[in-house]
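The structure under discussion appears below in the form of structure tokens.
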Amino acid sequence: FVIEPLASSWKISAVPFLLEGIDLKSFLDRVLSDVFDGKSIRRGIVLKEELAMRACKAAVKGGQTLSTKEAELLIERINEGMELLCPHGRPILLRFHKRDLEKGFKRVL
């Protein structure tokens, strides 16, 4: 975050990329409420909860159809090193060797 003081308020001029598009007022209200209540340690938990919720909402769901452009973007992100787990920690890819596929279709023993 880049936060600058103004006369009697604050100016937020930058937000972490992962938080782009969140309800910033609600998020900061929760964080500041925790800080003022003496729960400053909870700030990381609020951030983690916000990121987990955003990841879950943005994730591709089972049975969801992707456009060609969306599929290409997903493949590109995977090739760039995107985490290969869903927001809940389950794998999003399985690797099969050619021989395993051939065995599955009874092409080889």
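The values are calculated or read from the model by the stated rules, or taken from the named source; none is laboratory data. Fair warning: this is a prediction, and the values are worked out from it, not measured in the lab. Positions of Cβ are backbone-derived with ideal geometry, glycine not excepted, and every protein chain shown enters the neighbour counts. For the accessible areas, the whole protein counts, side chains as well, though only heavy atoms, and no ligand, DNA or RNA atoms are used. Shrake-Rupley method; radii C 1.70, N 1.55, O 1.52, S 1.80 Å.
Say whether the condition of being surrounded by 12 or more Cβ atoms within 10 Å (Cβ to Cβ), outside any helix (DSSP H, G or I), modelled with pLDDT under 75 and of a type in the set (D, E, K, R) is met by at least one residue in segment 37-50. Yes, the conditions are met somewhere in segment 37-50. How about segment 18-31: which of its residues are open to solvent by 80 Å² or more (accessible area, probe 1.4 Å) and at pLDDT 75 or above? The answer is ASP23, LYS25, ARG30.
Residues being of a type in the set (S, T, N, Q) and either open to solvent by 100 Å² or more (accessible area, probe 1.4 Å) or not in a loop (DSSP other than H, G, I, E, B) (or both): count how many of those fall in segment 58-85. It would help to see each step written out before you state the result.
So in segment 58-85, the residues of a type in the set (S, T, N, Q) come out as 64-65, 67-68, 79.
Then keep just the ones that are either open to solvent by 100 Å² or more (accessible area, probe 1.4 Å) or not in a loop (DSSP other than H, G, I, E, B) (or both); that gives 65, 68, 79.
Qualifying residue count, segment 58-85: 3.
Scanning segment 86-109 for residues that are open to solvent by less than 100 Å² (accessible area, probe 1.4 Å) and either within 26 Å of LYS57 (Cα to Cα) or touching a residue at least 60 places away in the same chain (Cβ under 8 Å) (or both) yields CYS86, PRO87, GLY89, PRO91, ILE92, LEU93. The numbered conditions (1) open to solvent by less than 90 Å² (accessible area, probe 1.4 Å); (2) at pLDDT 75 or above are all true for ASP34 except (2). A Cβ distance below 6 Å, combined with a sequence gap of six or more or placement on separate chains, defines the contacts here; from segment 8-30, residues that are more than 18 Å from ALA52 (Cα to Cα) reach residues that are of a type in the set (A, V, I, L, M) in the pairs TRP10/ILE3; ILE12/ILE3; SER13/VAL2; ALA14/VAL2.
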